[in-house]
Amino acid sequence: MIALKNINKSYAIGREKFYALKDINLKLYSGEFVAIIGPSGSGKTTLMNIIGCLDTPDSGEYYIDDENVAKLNDSRLAEIRNCKIGFVFQRFNLLPRLTAFENVELPLVYRGLNNNERYEKTMKSIEMVGIIERMKHKPSEMSGGQQQRTAIARAIAGEPEIILADEPTGNLDSKSGKEIMNILTRLNNQGKTLMLITHDKEMAKYAQRIIRISDGKIN
Ligand SMILES: Nc1ncnc2c1ncn2[C@@H]1O[C@H](COP(=O)(O)OP(=O)(O)O)[C@@H](O)[C@H]1O
Ligand SMILES: [Mg+2]
């Protein structure tokens with residue numbers, strides 16, 4: 001479903017080019033749960049940004065469902081991102097002025113779904129992550145674990161094929177972290193393709209396959 005071939009990505013540091021990803025080759029099959037593990041600074045987030053169509057590589061090929069997305073324009077990239085991929089971030093990235101319900105609903109508003117469809121899909125996602133009783137609260141009135149559940153509900157509301165989670169437990173205590181991993185595992189069991197990015201061995205253990213990255217290289 002996803003294939004990266006000889007992907008390179010550099011950042012300009014003054015006049016120098018710093019390669020954050022070097023010749024990455026990687027496949028992700030439909031329904032898999034893969035963990036990418038590596039130390040801080042190894043290129044994990046850069047890799048996730050490319051896989052998530054949030055950024056483009058300098059060179060190489062990147063296929064999602066047999067379409068080479070490395071060469072697409074921004075609007076087509078945005079379309080793929082919005083339809084096929086759900087994101088979960090370390091810092092939750094919820095909008096502070098919106099309630100949990102409204103945060104989950106927002107991507108469906110952008111998609112132009114009508115009221116009934118939005119309500120149904122939002123409630124289904126909220127039920128799935130177990131935050132019904134908190135859905136009228138704003139992020140500041142929720143615990144970290146509840147905020148991350150809300151973020152997961154937002155990620156799955158649009159029914160993406162793939163979930164990309166970048167250090168989803170990085171800001172949580174170990175109990176909430178385990179709960180989040182259990183929710184992600186359940187989503188994978190229900191058929192979602194899941195890529196977990198982490199520096200934490202314990203969290204990587206939940207995955208079916210572990211890929212190690214260091215200094216921008218998969219080894
Ligand atoms: N926007 C940027 N500009 C310059 N260097 C960057 C930028 N983003 C990341 N880097 C560098 O690229 C390397 C990989 O970063 P990152 O992908 O965030 O790693 P990780 O998520 O594994 O901690 C690091 O050395 C980081 O300093
Ligand atoms: Mg990172």
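Every number here is computed from the coordinates shown, using simple stated rules; none is lab data. Keep in mind the model is a prediction, meaning the values are calculated, not measured. Virtual Cβ from ideal backbone geometry, glycine too; neighbours counted across all protein chains shown.
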Inset, instruction - Kindly indicate which of R81, R97, R91 is of a type in the set (K, R), closer than 30 Å to M142 by Cα, within 16 Å of ligand 2 (Cβ to nearest atom) and not in a strand (DSSP E or B). - result: R91
Inset, instruction - Pull up segment 29-72, narrow it to residues that are among the β-branched types (V, I, T) and within 16 Å of ligand 1 (Cβ to nearest atom), then point me to the one that is surrounded by the most Cβ atoms within 10 Å (Cβ to Cβ). - result: I36
Legend entry - Members of segment 147-187 found to be of a type in the set (S, T, N, Q), touching a residue at least 12 places away in the same chain (Cβ under 8 Å) and surrounded by fewer than 21 Cβ atoms within 10 Å (Cβ to Cβ), listed by number: N171, S176, T185
Inset, instruction - Scan segment 100-129 residue by residue and report those that are loosely packed, with under 14 Cβ neighbours inside 10 Å and outside any helix (DSSP H, G or I). - result: G112, N114
Legend entry - Candidate set: segment 190-204, residues that are part of a loop (DSSP other than H, G, I, E, B), touching a residue at least 24 places away in the same chain (Cβ under 8 Å) and within 22 Å of G31 (Cβ to Cβ); chosen: the one nearest to ligand 1 (Cβ to nearest atom): K192
Inset, instruction - Would you please name the residue that is farthest from ligand 2 (Cβ to nearest atom), looking only at residues in segment 1-28 that are surrounded by 15 or more Cβ atoms within 10 Å (Cβ to Cβ) and among the β-branched types (V, I, T)? - result: I2
Legend entry - Matching option when the condition is assigned to a strand (DSSP E or B) and in contact (Cβ under 8 Å) with a residue 40 or more places away in the chain, among A35, A12: A35
